[in-house]
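These notes are about the structure you will find just below.
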Number of protein chains: 2
Amino acid sequence: MKSFPGDNDNKWTVLKSEYLFRRPWLTVRREHTRLPNGNECPEYYVLEYPTWMNIIAITKEGRMVMVRQYRHALGVTRYELCAGIMDSTDASPLEAAQRELMEETGYGGGHWQEYAVLAQNPGSMNNLVYSFLATDVEQLSTQHLENTEDISVHLFTPTEVKRMLQEGELIQALHAAPLWKYFCEHPA
Amino acid sequence: MKSFPGDNDNKWTVLKSEYLFRRPWLTVRREHTRLPNGNECPEYYVLEYPTWMNIIAITKEGRMVMVRQYRHALGVTRYELCAGIMDSTDASPLEAAQRELMEETGYGGGHWQEYAVLAQNPGSMNNLVYSFLATDVEQLSTQHLENTEDISVHLFTPTEVKRMLQEGELIQALHAAPLWKYFCEHPA
């Protein structure tokens, strides 16, 4: 994470810290904290996650590679960017993103750039989410999904994806942020 | 949440559901689920949250009202939109957002519109985040903060806020999404 002036202002003191829960998909830390003003927060929860990535992938023909899958917390099936979690074997967020795009969609190649680095929620979740912009990708393989993945791949024009954002069909905030940035920087 | 064609495709079956943890700031549900392809996920975690709101508030003079506070999970102090949580006494997300802007910043009045409805994370978190665009707001009061809030208020030009987004200083994804939408729709 890039640092900025004042990043270290007003830090809280951690008086006690303990793990409540450590599972592959849920790690919860509870902390007793003291604010600079002296007030204390006896139970502050931090959720720990690995680094995440998502990819705005655009084919040589100018189509955006989107995935569609069921999302259980909201109980709906929707379009999203291809996204994933950095593994311990990935050398970098870029390599992880390239692996994930290939596994989930079969698309690869092209030109890649880091496009945004955001926090899922800097108050309660400790991970960063890297967004990449990949242009001129092409279908190089077929999907290789895990047992609990049920993902279909769809190509859309940028105009169609922008409409999905505007109408609220594309609802994942972590994907809406880099996509709105893209449409801001690439007006139709 | 608006519904879209196919929202109910590929739903999972919940074989067992139990609350692991129910505290004011952390509610965790563990579910044993079965996918349409027959595969099962014996421990899927859903985090339950109330509705959240954030506000792009712009004064009559054209300045954006931003807040600055320490965010403990990442351990940094950064600029953000004014944001909050809908209380049981709030009649609507709009009313909650107007209350929150007044409490955190002292600004109010003006013209309000719902600007985006996004999911914090539709896979693992069950809440929606409403973004509002409030124009022509003015300072009507002073801050009324809770004990564990340590928030300062700052006015910036839209150009300054866009630069913070571009440079990665404004890191909260839930705020970056509506702000990039705003800059997309209001090019400088």
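Miscellaneous remarks
- Test: A:P122 is in contact with a Ser or Thr (Cβ under 7 Å, 6 or more places away or on another chain), within 12 Å of chain B (Cβ to nearest Cβ), within 23 Å of B:Y130 (Cα to Cα) and modelled with pLDDT of 95 or more: no
- Of all residues in the range A:129-160 being surrounded by fewer than 23 Cβ atoms within 10 Å (Cβ to Cβ) and aliphatic (A, V, I, L, M), the one that is farthest from A:I58 (Cα to Cα): A:L145
- Hits in the range B:58-80 (condition: within 14 Å of another protein chain (Cβ to nearest Cβ) and hydrophobic (A, V, I, L, M, F, W, C)): B:M66, B:V67, B:A73, B:L74, B:V76
This table checks each residue for (1) among the aliphatic types (A, V, I, L, M); (2) part of a strand (DSSP E or B); (3) buried (at least 18 other Cβ atoms within 10 Å of the Cβ).
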site: A:K11; (1), (2), (3): no, no, no
site: A:T27; (1), (2), (3): no, yes, no
site: A:P36; (1), (2), (3): no, no, no
site: A:Y45; (1), (2), (3): no, yes, yes
site: A:M53; (1), (2), (3): yes, yes, yes
site: A:G62; (1), (2), (3): no, no, no
site: A:L81; (1), (2), (3): yes, yes, yes
site: A:S88; (1), (2), (3): no, no, no
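- Selection from the range A:4-42 of residues that are among the small types (G, A, S) and touching a strand residue (DSSP E or B) at 6+ places or on another chain (Cβ under 8 Å): A:G6, A:S17
Residue by residue, here is whether (1) closer than 18 Å to A:H154 by Cα; (2) acidic (D, E); (3) in contact with a Leu (Cβ under 8 Å, 6 or more places away or on another chain) holds:
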| residue | (1), (2), (3) |
| --- | --- |
| A:R63 | yes, no, yes |
| A:V67 | yes, no, yes |
| A:A73 | no, no, yes |
| A:C82 | yes, no, yes |
| A:I85 | no, no, no |
| A:G108 | yes, no, yes |
| A:E114 | no, yes, yes |
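- From A:E40, A:E31, A:E48, A:E18, residue being in contact (Cβ under 8 Å) with a residue 40 or more places away in the chain, more than 7 Å from chain B (Cβ to nearest Cβ) and of a type in the set (D, E): A:E48
- Looking only at the range A:77-117, residues that are within 25 Å of B:L128 (Cβ to Cβ) and without any contact (Cβ under 8 Å) to a residue 60 or more places away in the chain come to 4 in all.
The values are calculated or read from the model by the stated rules, or taken from the named source; none is laboratory data. Because the structure is predicted, anything quoted here is derived from the model rather than measured. Cβ atoms come from the backbone with ideal geometry, glycine included; neighbour counts cover every protein chain shown.
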